[in-house]
Amino acid sequence: MRAHHFSQSLLAWFDQHGRHHLPWQKNPTPYRVWVSEVMLQQTQVNTVIPYFQRFVEHFPEIPTLAHATQDEVLHLWSGLGYYTRGRNLHKAAQLISHDFDGIFPDKIEDVIKLPGIGRSTAGAILAQAHQQRQPILDANVKRVLCRLDAIRGWPGTSIVEKKLWQLADQYMPQTQPRAYTQAIMDLGATICTHSSPRCTHCPVQKICLSKQQNLQIELPTPRPRKKRPTKTAYALILKNEQNEIFLEQRPSTGIWGGLWSFPEVSNNKTLSESDTDYLEKQHHTFSHYYLELTPIIIQTSKRSHTIQDASAAIWYNPAHSRKLGLAAPVKRLINQLFHEESDP
Ligand code: SF4
């Protein structure tokens, strides 16, 4: 009864107030839904829209993505963050081309095995693209369900997560999986928001236990706090007489994995003072630490052949070098350096 009230109220609300014109809702093929779901994993809808459009325009089908180079993929991902998502999307496209003839699988056990696709993303793709009844449990849905049933405990713990999966299944109706999936995601994104839930506009307020007990702000229980350490590093911007900058490709794991950036050192003691120019310190936040990064421009007299020939290193000039996947702060610094030079 409670589940029926929830799904019917939600669907009626979605019909009138939900978002129906997002680019991936038009022609919701498994590929388009998949790309959108991966981009939306840690990024807001408004930021994702232009990236999604550029991505599917450039790679309209799974085989075109599978045949692209990692640099082409990361170039289109540049600025969106969490680059492992882009690398996994690329790897998964290659696996689908190889194991499923380029056709996105329609069985949840196959979908879950693809890199970068967890149970919730797999459910979201199959519900929206294939109208399968597969529950989802992304961050928005976790928040809605925690509040709806006043579930205590951080949702990252396995015991709470298990409970939430049970609820996600229980509340999902037997019909209209696509509309229901979009509706519950919309409710979390637009009404039952993280810091200011709009309960008076909520279609399920009558049955929401958090609203009844005034627990909306308290729930979901936040992640237990851990102090993040601060690391210091120096980005060496080597510039040669041909007006090129030295970049190297980072290892595929770790921050900005697989992207191109300046060499980094953890201290500046061995750097000579001549021909160096210190730029303003930058502050970056990662999930496990803060990074204070000081860029230093270093003029070098000529190209080093060993550096030039290395496959994971390049002398780069944005005007004539090939397209590279650049870490966002690197891209900003390069734009700044080359823009300043071209100013009169
Ligand atoms: Fe969220 Fe408030 Fe709706 Fe409950 S009533 S689901 S807390 S918006």
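Bear in mind that the values in this text are calculations on the coordinates, not laboratory data. Just so it is clear, the model here is predicted, and its values are computed rather than measured. With ideal geometry, Cβ positions are generated from the backbone for all residues, glycine too; neighbour counts draw on all protein chains shown.
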Checklist entry - Can you give the angle from 0 to 90° between the axis of helix 30-40 and the longest principal axis of the chain, with both taken from C-alpha atoms, to the nearest 10? => result 70
Checklist entry - Percentage of Cα-Cα pair distances in region 1-146 greater than 21 Å, rounded to whole percent? => result 44
Checklist outcome for this item: Residue-ordered couplings for region 262-272, obtained by feeding phi - 60° into the Karplus form 6.51 cos²θ - 1.76 cosθ + 1.60 and rounding to whole Hz (Gly and Pro as x), are 6, x, 10, 10, 8, 9, 10, 5, 8, 7, 7
Next on the checklist: Quick check on the chain: helices-only [θ] at 222 nm, where DSSP H runs of length 4 and up contribute -39,500 (n - 2.57) each and the sum goes over total residues. Nearest 500, please.
Outcome noted: -12500 deg cm²/dmol
Checklist entry - Measuring from label point to label point, each 7 Å out along Cα→Cβ, what is the VAL265 to ARG133 span in nm? => result 6.4
Checklist entry - ³J(HN,Hα) across region 10-20 via Karplus (A = 6.51, B = -1.76, C = 1.60, θ = phi - 60°), whole Hz, x for Gly/Pro? => result 5, 5, 5, 5, 4, 3, 8, 10, x, 8, 10
Checklist outcome for this item: For region 149-198 the translational diffusion coefficient, Stokes-Einstein from a Kirkwood Rh over Cα pairs at 20 °C and viscosity 1.002 mPa s, in µm²/s, is roughly 174
Next on the checklist: Strictly over 30 Å apart at the Cα level, which of LYS142/LYS331; LYS281/LYS323; LYS142/LYS227 would you flag in this model?
Outcome noted: LYS142/LYS331
Checklist outcome for this item: Using eta = 1.002 mPa s and T = 20 °C, Stokes-Einstein with Kirkwood Rh from Cα pairs puts D for region 168-320, in µm² s⁻¹, at 104
Next on the checklist: Need one number for the chain: average projected area of the convex hull over its C-alpha atoms, nm².
Outcome noted: 21.2
Checklist entry - Using modelled amide H (1.01 Å from N, peptide plane; none on Pro or chain starts), what sits under 5 Å from the amide H of TYR316, excluding residues fewer than 5 places away? => result ILE245, PHE246, LEU247
Next on the checklist: How many angstrom lie between the Cα centre of region 49-63 and the Cα centre of region 238-278?
Outcome noted: 31
Checklist entry - What order, most packed first, do the peptides 127-136, 10-19 have when packing is the mean number of other Cβ atoms within 10 Å of each residue? => result 127-136, 10-19
Checklist entry - Taking the mean number of other Cβ atoms within 10 Å as a proxy for protection, how do you rank 169-179, 87-97 from highest to lowest? => result 87-97, 169-179
Checklist outcome for this item: Assertion target for LEU324, LEU271, ordered by fewest C-beta neighbours within 10 angstrom first, is LEU271, LEU324
